[in-house]
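S.K.: I am attaching a structure below and will ask some questions about it afterwards.
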Amino acid sequence: MDLRAHLTSPTTRSALLVQQAVLNAVRATLNASGFVEIPAVLVGPVTDPGVRGAKQADVDYYGARYKIMTSAILYKQAALLGFDRIFCIAPNVRLEPSETATTGRHLVEFHQIDVEMADTDRAGAMDMAQKVVRAAAREVVQRLPEELASLNRDSAAFASLLDRAVPVITHAEAVDKLVAHGAHQDPAAEISWAGECLLTDKASGPLFVSDYPVGSRGFYDRESTTCPGVLRNFDLLAPEGFGELASGGEREHDYARIVSRMRETGENPEKYGWYLKLAREGIRPSAGFGIGLERLTRYLTGLDDITRVTAFPKLPGVVEK
Ligand code: AMP
Ligand code: MG
């Protein structure tokens, strides 16, 4: 990439101004709702293992192998020992497979708006997720009409998001719809990107998909007690083929269930010393979500290539000096 051309391009500048408006709106909304911002953790002995197909990056930490955070999930749950509602705007590193370099939506280094609320259920997390995304869209539409115009992004694209509650379908309903369309979708797995596009390309606004099957996500998404095999979680999908913006859900907080979910998902509990010590002594029931900052900016700007909304993009498999 020609970095000078990228950083001076009017498109990059407009996209980064949109991103700044997103960050301002997110912080204002969460601060007004009683959240405390916790500075992001960068490295630790373990990190979020539930990162579909991506590898974790190691750092040499005084001779031990620490991980660069792939998400803030473990620390978000821990931080609720001090506060009822927390968020961080955290960098994540995921060594995504090289073939994702051309999807337009994968970076190796990206950021999440990572939010967690104690004593809150999934419905509370879904309400807050749409409130945050709506506030970001409203800020951009109201404050940056000229930037949107220069990006050829019609603010009418956000009418539904700004006016209406985001509709919800379950994963099982989504699978039925996809199969009815003739698409292949494994009912026990994540919805494929093509499937997400099919579900949302005719939608006028974002869509929640809830109740993913237990094998499809990390150990920290809580399994329903009344409907075993189904997770109390959700994704927020953007329309127009922009796809997944956020994932969230209720968290497992029971020590024994955390350990058995770790085992079921192929994780060795012995590696999670500090986290399991807290869990054994008691962590709080909670729900939360993580919104990809660059994914949200991409949707709001209407730019299909995520590198265009990122000042210093790192693409999967691309190693530069
Ligand atoms: P996940 O924990 O995989 O659900 O990721 C949380 C959010 O981060 C997703 O909903 C995306 O918005 C964003 N995200 C995940 N992986 C990437 C990536 N490789 N590049 C950019 N954004 C990502
Ligand atoms: Mg996800």
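S.K.: Leaving out ligands, DNA and RNA, what percent of the accessible area of the chain is carbon and sulfur, probe 1.4 Å?
M.R.: 53
S.K.: Would you be so kind as to identify which of 151, 54, 74 lies farthest towards the positive end of the dipole of the chain, taking Lys and Arg as +1 and Asp and Glu as -1 on Cβ and the Cα centre as origin?
M.R.: Positive-most Cα among the choices belongs to 74.
S.K.: I need the calculated FRET efficiency for the pair residue 203 and residue 149, taking r as the beta carbon distance and R₀ as 35 Å, to the nearest 0.05.
M.R.: 0.90
S.K.: Distance from the Cα centre of segment 61-118 to that of segment 203-221, in angstrom?
M.R.: 18
S.K.: Please express the shape of segment 278-321 as an equivalent ellipsoid: the semi-axes are the square roots of 5 times the eigenvalues of the C-alpha gyration tensor, given largest first in whole angstrom. Show your work: numbers first, answer last.
M.R.: Details: eigenvalues 227, 64, 9 Å².
Gyration-tensor ellipsoid for segment 278-321: 34, 18, 7 Å.
S.K.: What is the dipole size for the chain, taken about its Cα centre, with +1 at each Lys and Arg Cβ and -1 at each Asp and Glu Cβ, in debye to the nearest 20?
M.R.: With Lys and Arg at +1 and Asp and Glu at -1, about 540 debye.
S.K.: Filter the cross-link list 67/177; 55/277; 55/321; 55/131 down to pairs whose alpha-carbon distance in this structure exceeds 29 Å.
M.R.: Exceeds cut-off: 67/177; 55/131.
S.K.: Let me check something: with ligands and nucleic acids excluded, how do 237, 16 order by accessible area (1.4 Å probe), largest to smallest?
M.R.: Listed by decreasing accessible area, they come as 16, 237.
S.K.: Further, regarding this structure: Return one whole number: the accessible area per residue of segment 3-309 in Å², for a 1.4 Å probe.
M.R.: Dividing the accessible area of segment 3-309 by its residue count gives 44 Å².
S.K.: Assign one of three labels to segment 1-119, namely rounded, prolate or oblate, based on the Cα gyration tensor with a ≥ b ≥ c the square roots of its eigenvalues; rounded applies when a/c is under 1.5, prolate when it is not and a/b is larger than b/c, and oblate otherwise.
M.R.: Oblate.
S.K.: Could you state the angle between the C-alpha long axis of helix 122-143 and the longest principal axis of the C-alpha atoms of the chain, as a value from 0 to 90 degrees rounded to the nearest 10?
M.R.: 20
S.K.: For segment 1-71, how big is Rg over Rh, using alpha carbon atoms and the Kirkwood form of Rh?
M.R.: With Rg and the Kirkwood Rh in hand, the quotient comes to 1.12.
S.K.: What nm distance separates the two modelled labels at residue 176 and residue 254, each placed 7 Å from Cα along Cα→Cβ?
M.R.: 2.9
S.K.: Of 240, 281, 139, which has the most accessible area and how do the rest follow, probe 1.4 Å?
M.R.: Details: 240 90, 281 125, 139 40 Å².
Largest accessible area first, the residues go 281, 240, 139.
S.K.: Sticking with this structure for a sec: Take residue 3, project a point 7 Å from its Cα along the Cβ direction, then tell me which residues of segment 96-126 have their backbone nitrogen under 18 Å from it.
M.R.: Backbone N within reach: 108-110.
S.K.: Work through the residues other than residue 134 whose Cβ is under 12 Å from its Cβ and net out their charges, Lys, Arg +1 and Asp, Glu -1.
M.R.: Within the 12 Å Cβ shell, the charges total 0.
S.K.: Right, here's the next one. Using R₀ = 30 Å, calculate the FRET efficiency as 1/(1 + (r/R₀)^6) where r is the Cβ-Cβ separation of residue 11 and residue 284; round to 0.05.
M.R.: Using R0 = 30 Å, I get an efficiency of 0.10.
S.K.: Right, here's the next one. Please give the FRET efficiency for residue 194 paired with residue 271, using the beta carbon to beta carbon distance and R0 = 45 Å, rounded to the nearest 0.05.
M.R.: Efficiency at R0 = 45 Å is approximately 0.85.
S.K.: Helix-only estimate, please: 222 nm mean residue ellipticity of the chain, summing -39500 (n - 2.57) across DSSP H runs of length 4 or more and dividing by its residues, to the nearest 500. List each step's numbers first, then the result.
M.R.: Values: 11 runs with 115 residues, N = 321.
When only DSSP H runs of four or more count, the value is -10500 deg cm²/dmol.
S.K.: Here's a follow-up. Order 186, 127 by their accessible area, 1.4 angstrom probe, all chains in place, largest first.
M.R.: So, going from the largest accessible area down, we get 127, 186.
S.K.: Looking at segment 3-309, I'd like the Rg to Rh ratio, where Rg is from alpha-carbon atoms and Rh is Kirkwood's inverse mean 1/r.
M.R.: With Rg and the Kirkwood Rh in hand, the quotient comes to 0.95.
S.K.: I need the per residue convex hull volume for segment 115-165, using only the alpha carbons, in cubic angstrom as a whole number.
M.R.: Values: hull volume 4.0 nm³, N = 51.
Cα-based convex hull of segment 115-165, divided per residue, equals 79 Å³.
S.K.: Compute the whole-percent fraction of alpha carbon pairs in segment 103-241 spaced more than 22 Å apart.
M.R.: When every Cα pair of segment 103-241 is considered, 48 percent fall beyond 22 Å.
The values are calculated or read from the model by the stated rules, or taken from the named source; none is laboratory data. These figures come from a predicted structure and were not determined experimentally. Neighbour counts run over all protein chains shown; Cβ positions are idealised from the backbone, glycine included. Just the protein is used for accessible areas: all its heavy atoms, side chains included, with ligands, DNA and RNA removed. Shrake-Rupley method; radii C 1.70, N 1.55, O 1.52, S 1.80 Å.
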